[in-house]
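A quick write-up on the structure given underneath.
The values are calculated or read from the model by the stated rules, or taken from the named source; none is laboratory data. What you see is a predicted model; the values in this text were computed from it and never measured. Note that we place each Cβ from the backbone using ideal geometry, even for glycine, and neighbour counts take in every protein chain shown. Note: accessible area is taken over every heavy atom of the protein model, side chains too, but ligands, DNA and RNA are not part of it. Shrake-Rupley method; radii C 1.70, N 1.55, O 1.52, S 1.80 Å.
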Amino acid sequence: MTIIDGKQLSITLKQHMKEDVLYYKRIYSRLPKLTVILVGDDAGSQSYVRGKEKASLEIGILNETIALPEIIEEETLLNLINKLNNDETVDGILVQLPLPEHIDKTRVLERIRFDKDVDGFHPVNVAALWQKKSCIVPCTPKGIITLLKSANIQIAGKNAVIMGRSEIVGLPTAKLLLDQDASVTIVHSKTENLKKITSQADILIVAIGRPRYVTGEFIKEGAVVIDVGVNRDPQTNKLCGDCDFESCVTKASYITKVPGGVGPMTICCLLQNTLEAYLNHMEEKYD
Ligand code: NAP
């Protein structure tokens, strides 16, 4: 059994990106920039934003976090996005989710210029992904594929089951796995005979947001298991995944851990997307 170490892989990839940032700075005379908008004072969101800030700075990407009060009006937020859309020094704009209930998330995400949408949530990017056109690919699904490839796991022809059908994880991951020629099944909270389906998976991607829900019984002997979940264990209050690692590890051939698996890869892919957006902007400018 092998643990696929997302933390170590992200360190290696960040080192390469750091060299790329230096190289392109010499060519284009400016650094890439990511602007993160944080609304409210949710502790979880603040911690995610700090992680993104730290990782950006580590590799030389400029990072600005704009913190706004919970009571901000939607129109004010939209106007700020308009301003950032028109700011030539900003390559990536990310609005940290969740947003307060009085703000229409869809309206906000759609306001971000699609070529600065480093999360890959804008409808133009979503449509392009499903049409197999060039686009900004959502960070977590991109990180999952990068993890599988880093471990030289064969995807083509394999039976991949994805637990969860969210627009940010389950659905785009299904599409990326299909593009790699896997046979893909998506299961969700209404699926009947869940274990029967998951236990046929060669590759099982778990993204359901239920602490330690998936046990060894869900898993085929020798399967590859990618745990996307980030939860607090109700008993210990420690960070844990959607898989019960101790029982899953006895069945899996490859498995990721929480923390240290998909999480660091998500941040790494955010940096890759920002760098990609910057290069597109620079190429347009100097074309
Ligand atoms: P979400 O929007 O809440 O979606 C959860 C999905 O899981 C839904 O499709 C739901 O089905 C399904 N589900 C819930 N309980 C289930 C069960 N018992 N059996 C089968 N399916 C079930 O969550 P998300 O945003 O995709 O996130 C999923 C998890 O990944 C969370 O723990 C989140 O914190 C984590 N996450 C981690 C990263 C990272 O970077 N590591 C990034 C994003 C998310 P229905 O559609 O029927 O409701």
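Candidates are the residues of segment 75-98 that are surrounded by fewer than 21 Cβ atoms within 10 Å (Cβ to Cβ) and charged (D, E, K, R); the one that is farthest from residue 285 (Cα to Cα) is 75.
Table: residues versus (1) out of contact with any strand residue (DSSP E or B) (no Cβ under 8 Å at 6 or more places or on another chain); (2) under 16 Å from residue 273 (Cα atoms); (3) of a type in the set (Val, Ile, Thr); (4) open to solvent by 30 Å² or more (accessible area, probe 1.4 Å).
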{"site": "129", "(1), (2), (3), (4)": "yes, yes, no, no"}
{"site": "136", "(1), (2), (3), (4)": "no, yes, yes, no"}
{"site": "141", "(1), (2), (3), (4)": "yes, yes, no, no"}
{"site": "154", "(1), (2), (3), (4)": "yes, no, no, yes"}
{"site": "161", "(1), (2), (3), (4)": "no, no, yes, no"}
{"site": "165", "(1), (2), (3), (4)": "no, no, no, yes"}
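No other residue among 62, 94, 99, 78 is within 16 Å of the ligand (Cβ to nearest atom), at pLDDT 95 or above and in contact with a Lys or Arg (Cβ under 6 Å, 6 or more places away or on another chain) apart from 99.
Strands (runs of 3 or more DSSP E) fully within segment 167-266 that include at least 2 residues being within 11 Å of the ligand (Cβ to nearest atom): 183-187, 203-206, 224-227. Annotation for segment 25-33: at least one member residue is open to solvent by less than 80 Å² (accessible area, probe 1.4 Å), out of contact with any Asp or Glu (no Cβ under 7 Å at 6 or more places or on another chain) and part of a helix (DSSP H, G or I).
From the list 198, 215, the lone residue that is under 23 Å from the mean Cα position of the chain (by Cα), without any contact (Cβ under 8 Å) to a residue 40 or more places away in the chain and more than 30 Å from residue 118 (Cβ to Cβ) is 198. Inspection of segment 213-220 identifies no residue that is of a type outside the set (Asp, Glu) and touching a Phe, Trp or Tyr at 6+ places or on another chain (Cβ under 9 Å).
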